[in-house]
């Protein structure tokens, strides 16, 4: 996975992150299709998994942040 091109407080960082995840999403779906899953079911499953993780992050209690700004919590 590509590392961030911008510092945490740079407004262009979110666009950089989006481009990385757009590419990763395509790679995941193509791998799923190659493994025998239909594109539509793989897309829906990926969206559901992402939604579930967003809900996990939103519901998790706030904890101390690591030096790189990532949350340092156990999953």
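None of the figures in this text is laboratory data; all of them are computed from the coordinates on show. These figures come from a predicted structure and were not determined experimentally. All Cβ positions, glycine included, derive from the backbone under ideal geometry; neighbour counts span all protein chains shown.
Values as computed for the structure displayed
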item	result
Computed E for residue 33/residue 2 - FRET, C-beta separation, R0 22 angstrom, nearest 0.05	0.45
Inter-centroid distance (Cα atoms) of region 1-21 relative to region 43-57, Å	20 Å
Distance between modelled label sites at residue 56 and residue 14, nm, 7 Å Cα→Cβ extension	2.3 nm
Angstrom value of the Kirkwood radius, inverse mean 1/r, which spans all Cα pairs in region 13-59	11.6 Å
